[in-house]
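Student: Submitted below is the structure of interest, expressed as structure tokens.
Quick note: the coordinates plus some simple rules give every number you see, no bench work behind them. Just so you know, these numbers come straight off a predicted model, no measurement behind them. Here Cβ is always computed from backbone atoms with ideal geometry, including for glycine, and neighbour counts include all displayed protein chains.
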Amino acid sequence: MRTSLGRWQEVDASKLAARHLAAAMAEAHLRDGHDVVVPQLLGRLPFIHTLEAIAHQTGSRFLEVILLASEDVVVERFRARRDELATTGQAHPQADVGAKDVTKEIAGALRSLESIRAARPATITIAANRDVDATYRALMAVVAAGDH
């Protein structure tokens, strides 16, 4: 969403604008009777609270899941994704993190996720160290279990 905004690379406020737009779009989509999935690289409690409030206001189910992998796995995936995006020439927020800072940034992101788990004990955690297909199956099992 953020990369769709004009001058997103120069304007730091584009991060907040993207969250506001995502919330408005999620609300409209829920009111139309559709499901919404909102991925976040860094969990931000105020944004989670906003999304939860929107779900309740629209009579929708709110399911909060953290896909959690080890720091080594996350660092490797981050670098691979960043390299893939750089190869295509596509501008992306991952480019903002210097190569030397990746491990430090990932460690901070993982601490943020741990603080969310502590603050929101109903959050479901799925181990995401396995392959993508196994993680997806585990996520779909959680979603399906909530449908009953």
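Student: Rank by packing, highest mean first: peptides 51-59, 97-105, with packing defined as the count of other Cβ atoms within 10 Å averaged across residues.
Tutor: Result, highest mean first: 51-59, 97-105.
Student: For region 69-138 and region 44-64, what is the separation of their Cα centres, given in Å?
Tutor: Centre-to-centre (Cα) distance: 22 Å.
Student: Rounded, prolate or oblate: pick one for region 1-61, where a ≥ b ≥ c are the square roots of the eigenvalues of its C-alpha gyration tensor, a/c under 1.5 means rounded, and failing that, prolate if a/b is larger than b/c, else oblate.
Tutor: prolate
Student: Quick one: which residues, 5+ away or cross-chain, put their amide H under 5 Å from the amide H of Gly43? H built at 1.01 Å from N.
Tutor: Leu113
Student: Same structure, new question: What length, rounded to one decimal in nm, is gained on full extension from Thr123 through to Leu85, with 0.36 nm per residue of separation minus their alpha-carbon distance?
Tutor: Contour length minus the Cα-Cα distance gives 10.6 nm.
Student: Work out how far the C-alpha atoms of the chain reach from end to end along every principal axis, then list the three figures in whole Å, largest first.
Tutor: On the principal axes, the chain reaches 45, 36, 29 Å in Cα extent.
Student: In the chain, with Lys and Arg counted as +1 and Asp and Glu as -1 at Cβ, which of these residues, Val11, Thr58, Ala99, has the Cα nearest the positive end of the dipole, that is, farthest along it?
Tutor: Val11
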